[in-house]
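Novice: Structure below; questions to follow.
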Amino acid sequence: DQTSPVITKTAISLTSTTEISATLSVALGEKGKMYYVVLPDASATPTAVQVKAGQNASGSAITTKGTIVISGTGAQACVISGLKRYTEYEIFAVGEDSVGNVQTTVSGIHILTIDKTPPKFSTPSSIVMATGSAVLKAGLDEPGTIFYAVYTNGTSSKLVADVSAGTGSVTSGS
C-alpha cells in the first residue's frame, strides 16, 4: 500500500458540543490513525507534519491534540475535551494508514462550544440619576447584552422577557 488515506470534508463532521467538549465523526476509508490539533479560531493551517507532531503552524507544541485509532472503514466518534465554554476553535486533522502513509493535505473543521451558564455582573453596577435622565454603568463576565427598562413608580415586578422586550416600560434598550 503506497496510497495515503484521506479525510475529506464529508468524512469529518461535528456531531455534538458541550461547554467543554466536542464530538466529531471521522472516517478514513481504511484502518489507521487520525492525528488532530485544536487551535484558536482563525489560526493558520499547520502542515500535515506539524499536525502529526502536535504543533501549530509556527511549529510550537500545543496542549490540545490527540491520536485516534481508526479500526475500520466506517465513521468513528472522537471526543475532544478540555475546551473552554462558548469559544470558537479550528480542529485540523490528518490520517495515517496502518503501513505509515500519511495524508499530505490537512483537513479542518470550525467548531463553537456552547454556553449554558448565564452571565453575571462583573463590576458593581450603578445608576446615576439626574433630572430627566439616568446613566447605567454595568459589565458582564462574558460577551453578552445588558437589557434595561424604565418603569413608572409602583409598577409590579417584571419577568426577564418583559424587560428585554421593554413591555410596558417608559423607555428601554440594550
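The values are calculated or read from the model by the stated rules, or taken from the named source; none is laboratory data. Remember, predicted model here, so these are calculated numbers, not experimental data. When we count neighbours, we look across all protein chains shown, and the Cβ atoms used for this are built from the backbone with ideal geometry, even at glycine. When the accessible area is computed, the model is the full protein with side chains, heavy atoms only, and any ligands, DNA or RNA have been set aside. Shrake-Rupley method; radii C 1.70, N 1.55, O 1.52, S 1.80 Å.
Novice: Within region 20-61, how many residues turn out to be modelled with pLDDT under 95, over 13 Å from Val106 (Cβ atoms) and of a type in the set (A, V, I, L, M)?
Specialist: 7
Novice: For region 134-159, name all the residues that are open to solvent by 80 Å² or more (accessible area, probe 1.4 Å) and assigned to a strand (DSSP E or B).
Specialist: Result: Leu136, Lys137, Tyr148.
Novice: Could we say that Ser107 is among the polar types (S, T, N, Q) and crowded, with 16+ Cβ neighbours inside 10 Å here?
Specialist: On the way: among the polar types (S, T, N, Q): yes; crowded, with 16+ Cβ neighbours inside 10 Å: yes.
Yes: the conditions hold for Ser107.
Novice: Collect the residues in region 93-139 that are closer than 27 Å to Val79 by Cβ and among the charged types (D, E, K, R), keeping them in residue-number order.
Specialist: Glu96, Asp97, Asp115, Lys116
Novice: Using beta carbons and a limit of 6 Å, which pairs, at least six apart or on different chains, have the first residue in region 21-48 and closer than 13 Å to Gln103 by Cβ and assigned to a strand (DSSP E or B) and the second one open to solvent by 50 Å² or more (accessible area, probe 1.4 Å) and of a type in the set (Val, Ile, Thr)?
Specialist: Short answer, once both residue conditions are applied: Lys33/Thr67; Lys33/Val69; Tyr35/Thr67.
Novice: Next question, about the same structure. What single numbered condition from (1) without any contact (Cβ under 8 Å) to a residue 60 or more places away in the chain; (2) surrounded by 11 or more Cβ atoms within 10 Å (Cβ to Cβ) fails to hold for Ser71?
Specialist: (2)
Novice: Just the residues that are hydrophobic (A, V, I, L, M, F, W, C) and at pLDDT below 90, please, taken from region 103-124.
Specialist: Once the filter is applied, which keeps residues that are hydrophobic (A, V, I, L, M, F, W, C) and at pLDDT below 90, region 103-124 yields only Phe121.
Novice: Looking at region 86-101, which of its residues are loosely packed, with under 14 Cβ neighbours inside 10 Å and under 29 Å from Glu19 (Cβ atoms)?
Specialist: Passing the criteria: only Glu88.
Novice: Restricting attention to region 18-58, which residues are farther than 21 Å from Arg85 by Cα, surrounded by fewer than 20 Cβ atoms within 10 Å (Cβ to Cβ) and among the hydroxyl-bearing types (Ser, Thr, Tyr)?
Specialist: Listed by number, the residues that qualify are Thr45, Thr47, Ser58.
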